[in-house]
Structure formats: C-alpha cells, structure tokens
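Only one structure is covered here, and it is reproduced in the block below.
The values are calculated or read from the model by the stated rules, or taken from the named source; none is laboratory data. Note that this is a predicted model, so its numbers are computed, not measured. Ideal geometry is used to build each Cβ from the backbone, glycine not excepted, and the neighbour counts take in all protein chains shown. Keep in mind that these areas ignore ligands, DNA and RNA; they rest on the heavy atoms of the full protein, side chains included. Shrake-Rupley method; radii C 1.70, N 1.55, O 1.52, S 1.80 Å.
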Amino acid sequence: MKRFLSLAAAGLFVFSAAKAGTITVANSDIELSGGVSAGYFYTTNPCNSGCADPNNDYFTVSSFAIGLTSKVDSTIGFSASFGSSPQSDLLGLETSKGFGPEFAYVSINPIEGLTLDAGLLTTNIGYELYHTWENPNYTFGMVWWGQPVTYPGARATYNVAEGIDIYAEYNQDGRDAFALGSLGSIAGIDYAISYYDYTAQKNLVDLVLSTNIAGIDVALNADYQWLDDSAKSPGKDDSAYGVALYILPKLTETISLPIRLEYVNEGTSEIYGVAGDDAWSVTVTPTWSPTSNAYLRVEIAYVATDEKGFYDGPTAADADDNRMFVGVEAGFRF
C-alpha cells in the first residue's frame with residue numbers, strides 16, 4: 001500500500017499553491033500546474049536487509065509532474081497528473097516509481113453540492129501529499145507509509161453545510177475496499193476524518209487536524225488500524241496505531257523551520273513494517289522560499305526502531321536500530 005492525500009477542501013496544504021496557468025484546448029479552459037524537485041542525500045544504514053555494496057548517498061529527482069484540470073461547463077471536468085514521484089520514506093520501504101499517470105479522474109456535478117469522481121483517484125486519508133514539493137519535508141513519514149495513496153475507484157462527495165463535506169467511495173486498492181468520511185473546517189480547525197476498509201485484510205480510522213496556534217501552523221495525523229479475522233496470525237497482535245505531529249513555524253517571510261515528530265506502535269502485527277514493536281522519528285527541514293513557487297531546503301531526519309532492521313553491510317553484525325538522512329533539495333512549482 002502506498003500513500004497520498006487530497007485534502008484541498010480541508011485547507012491542509014503546507015505550501016501555498018503556485019498560480020496555475022490557463023490554456024485553451026478545444027474551446028475548454030484547462031488549468032496547467034506541476035513542478036520539479038531534485039536533491040542530494042546521504043543515508044546511514046541504507047539497506048533493509050543485508051547488502052554487499054550499500055549505497056549511502058544518492059542524487060535524486062524527487063518529483064517531476066505535469067497536472068491538468070478542467071471544468072468544461074461546471075457540470076463535468078477532469079483532474080490528472082503525469083510524471084514520476086519516487087516518494088522516499090524514512091523506513092526505505094519504497095524507493096522508485098515509473099514515469100506515467102500518477103492519478104486521473106473525471107468529475108461530474110449532477111446536482112448542486114454533489115460531486116462524483118471516477119478513475120484513478122487520490123485518497124482522502126492522511127496529511128502528507130503526493131509530491132514532495134507539496135509537503136513540508138522531503139522524506140515521507142512512517143504514518144504515511146501505512147496509508148493508501150492512489151487507486152482505481154469512484155467517490156461521491158456531498159457538501160452538507162458551508163465548509164463541510166461528507167464522502168463515500170468504493171475502490172480497488174489491490175483488492176476491494178471502501179471508505180466513508182468527512183472533511184472541512186469548524187471553528188478555525190481544518191479536519192478530515194475517515195474510515196477505510198480493505199476487504200479481508202485490514203481497517204483503519206484516520207484523523208487529520210490542522211490549525212494555527214500563536215502564529216504557528218500545526219497539524220496532527222493519527223491512525224488506528226486493525227486486521228480482519230482472515231488476516232490475523234495466531235499468537236501475533238492484530239492492531240497498531242501511529243501519530244505524526246507537524247510544527248511549521250515561519251521565522252521570516254522567506255525562511256521556515258518545519259518539524260515532524262512521529263511515533264508508531266504495531267506490536268507484532270507488522271502493519272507499519274517497522275523492525276520490532278515500535279519506532280519513533282524526528283525530521284527537521286530548514287527551508288528558504290525566495291518566491292512563492294520555489295524553495296531550497298536542508299533536511300535532517302532520524303528514525304529509531306525497537307529492533308535492529310537497518311543494514312550497512314551483508315551480515316547481522318552490520319545491522320543497527322536507527323537510520324539518519326542528511327541532505328538538500330530544491331524545488332519549483334508552477
């Protein structure tokens with residue numbers, strides 16, 4: 001399972017979106033957006049199992065994508081993104097994705113307040129977004145890893161009150177799955193709450209809260225997950241939880257200091273894929289944004305697990321219970 005979030009309606013984007021351009025194709029207005037980001041990173045203990053020739057440092061194009069959206073006549077339109085976004089995460093459980101469609105779906109508004117989306121959808125689960133330039137940090141977190149990302153399916157969203165939507169969806173994220181939830185804003189707090197059910201596998205409840213406290217943007221993403229009876233293993237735990245806290249102070253108009261703190265506890269369920277029963281991480285990402293659509297950032301991230309699961313060589317003697325990322329990334333959004 002991979003992870004992504006589409007919470008524009010909940011106002012949870014960390015960076016302000018660059019103003020999209022508009023082109024005219026076949027008498028239809030199409031909004032063009034996207035971006036590119038690249039960087040250099042050094043990683044201690046880069047392997048998740050023994051490796052004879054570990055590669056501790058790497059250059060990477062962390063995201064390159066072109067997005068198109070269109071509202072043909074306010075009744076039917078589409079959203080699509082084409083590119084490559086490897087989404088490097090702290091646990092090193094996913095490192096590459098091919099170049100191609102990232103998501104693409106058609107939207108229909110049959111009546112006022114109702115939107116029907118169908119195609120390759122982006123999930124409403126979680127805080128961190130699909131492209132690295134949309135997030136406060138370069139690396140994706142442990143909580144993010146346990147969440148869905150994109151999948152073929154259909155979703156119905158209904159606006160029940162000003163600033164509050166409810167939704168229901170059916171999808172095929174590797175197997176049949178469905179989700180129910182609500183997202184919006186109440187009393188100055190942006191929220192998203194969802195229940196997600198993978199048939200004959202697992203279930204999760206996800207909560208995202210975002211607000212501003214004393215001039216500092218803060219956000220919380222909490223998950224509770226449990227296995228279906230058919231997926232349980234005798235003698236092993238069948239549930240897990242994870243919490244990620246995002247603190248996003250702006251030091252000046254152009255300099256910010258995003259901080260992410262995480263803790264996951266899975267016991268022996270293996271839901272989050274950490275070594276041992278639990279893990280925690282700290283990520284600090286000083287960022288300079290000379291313009292609203294460009295940034296240069298340094299990242300220092302540290303993750304520690306309950307047992308030794310990170311390797312810097314081929315044998316158990318080379319295993320450790322922690323990993324560190326240090327690097328720099330530049331990005332441009334349009």
Original post:
Could you list, in sequence order, the residues of segment 30-47 that are open to solvent by less than 30 Å² (accessible area, probe 1.4 Å) and either within 29 Å of residue 82 (Cβ to Cβ) or within 21 Å of the chain's Cα centre (by Cα) (or both)?
Top reply: 30, 34, 35, 37, 39, 41, 43
Subject >> Set 160, 106: member being modelled with pLDDT of 95 or more, in contact with a strand residue (DSSP E or B) (Cβ under 6 Å, 6 or more places away or on another chain), over 30 Å from residue 62 (Cβ atoms) and part of a strand (DSSP E or B) >> reply: 160
Original post:
Looking at segment 232-250, is at least one residue over 27 Å from residue 275 (Cβ atoms) and open to solvent by 70 Å² or more (accessible area, probe 1.4 Å)?
Top reply: yes
Subject >> Subset of segment 299-323 [in contact with a strand residue (DSSP E or B) (Cβ under 8 Å, 6 or more places away or on another chain), open to solvent by 70 Å² or more (accessible area, probe 1.4 Å) and hydrophobic (A, V, I, L, M, F, W, C)] >> reply: 300
**OP:** Please specify each residue of segment 48-74 satisfying the condition of being among the polar types (S, T, N, Q), over 20 Å from the mean Cα position of the chain (by Cα) and open to solvent by less than 60 Å² (accessible area, probe 1.4 Å).
**Re:** 56, 69, 70
Original post:
Within segment 186-204, can one find any residue that is in contact with a Phe, Trp or Tyr (Cβ under 7 Å, 6 or more places away or on another chain) and open to solvent by 60 Å² or more (accessible area, probe 1.4 Å)?
Top reply: no
Subject >> Boolean, residue 115 is in contact (Cβ under 8 Å) with a residue 40 or more places away in the chain and open to solvent by 30 Å² or more (accessible area, probe 1.4 Å) >> reply: yes
**OP:** Pull up segment 295-310, narrow it to residues that are of a type in the set (Val, Ile, Thr) and within 19 Å of the chain's Cα centre (by Cα), then point me to the one that is nearest to residue 63 (Cα to Cα).
**Re:** 300
**OP:** Please work out which residue is least open to solvent (accessible area, probe 1.4 Å), limiting yourself to segment 219-231 and to residues that are among the aliphatic types (A, V, I, L, M) and within 16 Å of residue 141 (Cα to Cα).
**Re:** 219
Original post:
How many residues are of a type in the set (Phe, Trp, Tyr) and either open to solvent by less than 70 Å² (accessible area, probe 1.4 Å) or more than 19 Å from residue 149 (Cβ to Cβ) (or both) when one looks only at segment 165-185?
Top reply: 1
Original post:
Limited to segment 234-274, what total is found for residues that are farther than 19 Å from residue 223 by Cα, in a loop (DSSP other than H, G, I, E, B) and in contact with an Asp or Glu (Cβ under 6 Å, 6 or more places away or on another chain)?
Top reply: 0
Subject >> Pairs, first under 16 Å from residue 274 (Cβ atoms) in segment 42-58, second aromatic (Phe, Trp, Tyr) and outside any strand (DSSP E or B), C-beta under 9 Å, six or more apart >> reply: none
**OP:** Could you list, in sequence order, all residues of segment 256-272 that are out of contact with any strand residue (DSSP E or B) (no Cβ under 8 Å at 6 or more places or on another chain) and either of a type in the set (Val, Ile, Thr) or crowded, with 18+ Cβ neighbours inside 10 Å (or both)?
**Re:** 268
Original post:
Before we move on, is residue 285 closer than 20 Å to residue 219 by Cα, modelled with pLDDT of 95 or more, among the hydroxyl-bearing types (Ser, Thr, Tyr) and surrounded by 15 or more Cβ atoms within 10 Å (Cβ to Cβ)?
Top reply: yes
Subject >> Number of the condition not met by residue 199 [criteria: (1) under 23 Å from residue 91 (Cα atoms); (2) at pLDDT below 95; (3) hydroxyl-bearing (Ser, Thr, Tyr)] >> reply: (1)
Subject >> Every pair of residues 6+ apart whose Cβ atoms lie under 6 Å, when the first sits in segment 283-302 and is under 16 Å from residue 35 (Cα atoms) while the second is charged (D, E, K, R) and open to solvent by 10 Å² or more (accessible area, probe 1.4 Å) >> reply: 293/333
